[in-house]
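For reference, the structure is listed below as structure tokens.
Bear in mind that the values in this text are calculations on the coordinates, not laboratory data. The model shown is predicted, which means the values in this text are computed figures rather than measured ones. Quick reminder, even Gly has a Cβ in these numbers, built from the backbone with ideal geometry, and neighbours come from all protein chains shown.
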């Protein structure tokens, strides 16, 4: 991938991390994360990988935006893609390449993500916004800032830390204000 793609992933990761509890934005981030995994697994060249990442981000972002009328179905789709993308992203940050087993694990992660969204939509959005945003930030930094080595333990610690802060941030945004709670 190129510096431009890496910096776009970094920027998208920051936006998803901050505002990803909106279904359309989370869908765009999950699509980009899945696109990165596909590009790396299939060994795509720079142009095709950019088209894949951007195309999946736009497709899932539009799907999430149009999904207000079909919120439950769209949430399941976004949850499935986000769960699979997170699984691939975590394996990628850890530097683990399992070939076909990666796709089996992504399928399992997708099913868990869809189940989480079906049962706990609000908390699913919070959790996945923090996770997808964190993974995109680290992946964007890895791709865009080539002199940083964030794979392995350092990248994992960074993803976990950013995810924890992101969950706290979104949970605080979701909590009712004191004036609303008392009135």
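The alpha carbon radius of gyration of the chain, expressed as a multiple of 2.2 N^0.38 Å, is 1.00.
Here the contact order of the chain, divided by its residue count and restricted to Cα pairs under 8 Å and six or more residues apart, works out to 32 percent.
Go ahead and run the numbers for FRET between residue 2 and residue 111, Cβ-Cβ distance against an R0 of 41 Å, rounding to 0.05. Efficiency computed from Cβ-Cβ geometry: 0.80. When the inverse distances between all different Cα atoms of region 1-47 are averaged and flipped, the Kirkwood radius reads 11.2 angstrom. Protection proxy ranking, highest mean first, for peptides 41-49, 134-142, 85-93: 134-142, 85-93, 41-49, where packing is the per-residue count of other beta-carbon atoms within 10 Å, averaged.
Counting only DSSP H runs of at least 4 residues, each contributing -39500 (n - 2.57), and dividing by the residue count of the chain, the helix-based mean residue ellipticity at 222 nm comes to -28500 deg cm²/dmol. Between residue 40 and residue 119, the contour length at 0.36 nm per residue exceeds the alpha carbon distance by 25.2 nm. Shown is the FRET efficiency for residue 94 and residue 51, computed with R0 = 25 Å from the Cβ-Cβ distance and rounded to the nearest 0.05: 0.40. A Förster distance of 22 Å, applied to the separation of the beta-carbon atoms of residue 70 and residue 22, puts the FRET efficiency at 0.85.
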